[in-house]
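Q: Okay, handing you the structure first.
The values are calculated or read from the model by the stated rules, or taken from the named source; none is laboratory data. This one's a predicted model, so the numbers in the text were calculated from it and none came from an experiment. Neighbour counts are summed over all protein chains in view; Cβ atoms, including those assigned to glycine, are modelled from backbone coordinates with ideal geometry.
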């Protein structure tokens, strides 16, 4: 009778360790990129809030800006909004600014500013997101 020979393969933990490292690295990179994206989204939201507040303040103290309509109404207000955004590194398109309720003394004026933001992790699944901020102030007499 022949005896069967059994070949015993030795266990190599290096392959398993590499696989665990790769999976852990993927999770870690996703968390880091998500944290950076969240920070960037919060920064853009704060810039948009400041820009909307600046626009509402300017328009509440300069209601005559509505009367300077040569192609674009609220030209100086939009320039102030864009200036506030560019001081903090965000370019604001004039088409992303809207004004409602202007310009009677004692009435509220509301300025809304929006911007599209490309976030690394969210872009993979949803594409760019749009952040919006608005500010409301009373028009000064």
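Q: Can you tell me which of 41, 135 is buried (at least 16 other Cβ atoms within 10 Å of the Cβ), at pLDDT 90 or above and in contact with a helix residue (DSSP H, G or I) (Cβ under 9 Å, 6 or more places away or on another chain)? Give the steps one after another, and end with the answer.
A: Working: 41 fails: buried (at least 16 other Cβ atoms within 10 Å of the Cβ).
Only one candidate passes the filter, namely 135.
Q: Could you go through region 17-32 and let me know if any residue there is at pLDDT below 90, more than 30 Å from residue 115 (Cα to Cα) and assigned to a loop (DSSP other than H, G, I, E, B).
A: No, there is no match, as no residue in region 17-32 is at pLDDT below 90, more than 30 Å from residue 115 (Cα to Cα) and assigned to a loop (DSSP other than H, G, I, E, B).
Q: Another one. Inside region 87-104, can you point out the residues that are out of contact with any helix residue (DSSP H, G or I) (no Cβ under 7 Å at 6 or more places or on another chain) and either on the phi < 0 side of the Ramachandran plot or loosely packed, with under 11 Cβ neighbours inside 10 Å (or both)?
A: Residues of region 87-104 out of contact with any helix residue (DSSP H, G or I) (no Cβ under 7 Å at 6 or more places or on another chain): 87, 89, 93, 95-96, 98, 100-101, 104.
Matches in region 87-104: 87, 89, 93, 95, 96, 98, 100, 104.
Q: Which of the residues that make up region 72-109 are assigned to a strand (DSSP E or B) and within 22 Å of residue 129 (Cβ to Cβ)? Even if it seems obvious, please write down each step before you answer.
A: First, pick out the residues of region 72-109 that are assigned to a strand (DSSP E or B): 72, 97-100, 108-109.
Correct list: 97, 98.
Q: Looking at this structure, is residue 80 modelled with pLDDT of 90 or more and either at positive phi or out of contact with any strand residue (DSSP E or B) (no Cβ under 9 Å at 6 or more places or on another chain) (or both)?
A: Working: modelled with pLDDT of 90 or more: yes; either at positive phi or out of contact with any strand residue (DSSP E or B) (no Cβ under 9 Å at 6 or more places or on another chain) (or both): yes.
When the stated conditions are applied, residue 80 passes them.
Let's see how each residue does on (1) over 19 Å from the mean Cα position of the chain (by Cα); (2) more than 30 Å from residue 77 (Cβ to Cβ); (3) without any contact (Cβ under 8 Å) to a residue 40 or more places away in the chain:
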{"residue": "16", "(1), (2), (3)": "yes, yes, yes"}
{"residue": "19", "(1), (2), (3)": "yes, yes, yes"}
{"residue": "30", "(1), (2), (3)": "no, yes, no"}
{"residue": "37", "(1), (2), (3)": "no, yes, no"}
{"residue": "41", "(1), (2), (3)": "no, no, no"}
{"residue": "44", "(1), (2), (3)": "no, no, no"}
{"residue": "48", "(1), (2), (3)": "no, no, no"}
{"residue": "61", "(1), (2), (3)": "yes, no, no"}
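Q: Filter region 118-131 down to residues that are modelled with pLDDT under 90 and in contact with a helix residue (DSSP H, G or I) (Cβ under 6 Å, 6 or more places away or on another chain) and give me whichever is surrounded by the fewest Cβ atoms within 10 Å (Cβ to Cβ).
A: At the first step, the residues of region 118-131 found to be modelled with pLDDT under 90 are 118-128.
This time we only want the ones that are in contact with a helix residue (DSSP H, G or I) (Cβ under 6 Å, 6 or more places away or on another chain), so: 119-121.
Numbers: 119: 19, 120: 12, 121: 16.
Top of the filtered list is 120.
Q: Another one. Is there a residue being closer than 24 Å to residue 120 by Cα and either buried (at least 20 other Cβ atoms within 10 Å of the Cβ) or in contact with a strand residue (DSSP E or B) (Cβ under 6 Å, 6 or more places away or on another chain) (or both) anywhere in region 49-62?
A: Narrowing region 49-62 to residues closer than 24 Å to residue 120 by Cα: 49.
Applying the additional criterion that residues be either buried (at least 20 other Cβ atoms within 10 Å of the Cβ) or in contact with a strand residue (DSSP E or B) (Cβ under 6 Å, 6 or more places away or on another chain) (or both) yields 49.
Scanning region 49-62 turns up at least one residue that is closer than 24 Å to residue 120 by Cα and either buried (at least 20 other Cβ atoms within 10 Å of the Cβ) or in contact with a strand residue (DSSP E or B) (Cβ under 6 Å, 6 or more places away or on another chain) (or both).
Q: Could you go through region 64-77 and let me know if any residue there is in contact with a helix residue (DSSP H, G or I) (Cβ under 9 Å, 6 or more places away or on another chain), under 27 Å from residue 33 (Cα atoms) and exposed (fewer than 13 other Cβ atoms within 10 Å of the Cβ).
A: Restricting attention to region 64-77, the residues satisfying the condition of being in contact with a helix residue (DSSP H, G or I) (Cβ under 9 Å, 6 or more places away or on another chain) are 65-66, 68-69, 72-77.
If we keep only those that are under 27 Å from residue 33 (Cα atoms) too, we end up with none.
So far as region 64-77 goes, no, none of its residues is in contact with a helix residue (DSSP H, G or I) (Cβ under 9 Å, 6 or more places away or on another chain), under 27 Å from residue 33 (Cα atoms) and exposed (fewer than 13 other Cβ atoms within 10 Å of the Cβ).
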